[in-house]
Amino acid sequence: VRFDRLTVERSEKRVGITKELSEAWCMKRDNESYTTQYNRNVVLTQFSLYLSQLGIPSHTSHIRKHQKTFIPHIYTQREMKEIFNACDGLRCDRRRMNTSYMVMPSLIRLLYGTGIRIGEALCLKVKDINLQENFLIVRDTKNGKERLIPFSKSLSSVLQEYELYRNKMPLVRTKNSFFFIQLNGNPCISHSIYIRFQYILRQANISF
């Protein structure tokens, strides 16, 4: 749709992809990652090659894939201890039913103890976590395959404590309910968790 809109805006009349049209389409957009830009360019290049094979002259651009410069931060044991302490000290000063403060102590420990992604953790259902045999099943994976992940007894104790408080809330609970929820019963949102984690890092005096 965006490509069609661009051709209309440029009043393109020629059949095929011109160099000017290709350059206009391949230009990086505001708030767009280099990966997204590169993927858009690859699709247009493949389309141009297809048109050329049909005998329709089309320009093919050659844009190099942007090298990632992101360097992950590996937290030390001391930093993780400070993060856990900050999680345990969280208090909600206002009665907000959409808060996710309650899940942070157990959620952060789950991420630390299993290595699963935040999106995978927030998609976990009650049926996916076995607190008797200490394992969980990740169903919504990046490659579409299920993973069974064991965890420690200490993590199991933390999750059981969270579940105890969670079950005291006046909510309808089924095996298909999300495990990590807000006070109103809605599933937690990754953006909200990220904001909470930034606050935790500030409380732990860890720069980010």
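For the stretch 103-166, the Kirkwood estimate of the hydrodynamic radius, built from every pair of different alpha carbons, is 11.8 Å. A dipole drawn for the chain from +1 and -1 charges on Cβ atoms has a positive end, and of L6, T99, I17 the residue lying farthest that way is T99. Each label point was placed 7 Å from the Cα along the Cα-to-Cβ direction; for E79 and R139 their separation is 3.5 nm.
Positive end of the dipole of the chain (Cβ unit charges, origin at the Cα centre): among N130, I74, F151, the Cα lying farthest that way belongs to N130. With respect to the chain, whose longest principal axis is taken over its alpha-carbon atoms, helix 34-53 is tilted by about 40°. All distinct Cα pairs of the stretch 94-208 go into the 1/r average, and the inverse of that average, the Kirkwood radius, is 14.8 Å. Remark: the stretch 9-17, residue by residue, has Karplus-estimated 3J(HN,Hα) of 4, 8, 6, 5, 10, 6, 7, x, 9 Hz, where x stands for each Gly or Pro and the curve is 6.51 cos²θ - 1.76 cosθ + 1.60 at θ = phi - 60°. Between I195 and L171, the simple label model (points 7 Å from Cα in the Cβ direction) yields a spacing of 1.8 nm.
In this structure Y50 has an accessible area near 120 Å², from a 1.4 Å probe over the protein heavy atoms. Under the convention that each Lys and Arg Cβ holds +1 and each Asp and Glu Cβ holds -1, the size of the dipole of the stretch 120-208 around its Cα centre is about 120 debye. Using a simple spin-label model with pseudo-atoms 7 Å out from Cα toward Cβ, N184 and E23 lie 5.1 nm apart.
With a 1.4 Å probe and all protein chains left in place, how much of the accessible area of the stretch 134-208 comes from carbon and sulfur atoms, in whole percent? Answer for the stretch 134-208: carbon and sulfur cover 54 percent of the accessible area. The structure-derived value of semi-axes √(5λ) of the Cα gyration tensor in Å appears in the list (1) 32, 22, 17; (2) 47, 20, 18; (3) 23, 23, 16 under the label (2).
Applied to the stretch 160-166, the Karplus parametrisation 6.51 cos²θ - 1.76 cosθ + 1.60 on θ = phi - 60° returns per-residue 3J(HN,Hα) values of 5, 5, 4, 4, 4, 5, 4 Hz, with x for Gly and Pro.
Charges were assigned to the Cβ only: +1 to each Lys and Arg, -1 to each Asp and Glu. The resulting dipole of the chain about its Cα centre is roughly 160 debye. Largest mean-square fluctuation among L148, L183, L49, in a Gaussian network model of the chain whose springs join Cα atoms under 10 Å apart, belongs to L49. Computed extension length for Y38-Q53: 3.1 nm, one decimal, from 0.36 nm per residue of separation with the Cα-Cα distance subtracted. Summed over the residues of the chain and divided among them, the accessible surface reaches 69 Å² per residue at a probe radius of 1.4 Å.
Dividing the mean sequence gap of close Cα pairs (under 8 Å, 6+ apart) by how many residues the chain holds gives a relative contact order of 19 percent.
The values are calculated or read from the model by the stated rules, or taken from the named source; none is laboratory data. Just so you know, these numbers come straight off a predicted model, no measurement behind them. All Cβ positions, even for glycine, are placed from backbone atoms using ideal geometry, and neighbour counts span all protein chains on display. Each accessible area value is taken on the protein alone, full model and side chains, heavy atoms only, with ligands, DNA and RNA left out. Shrake-Rupley method; radii C 1.70, N 1.55, O 1.52, S 1.80 Å.
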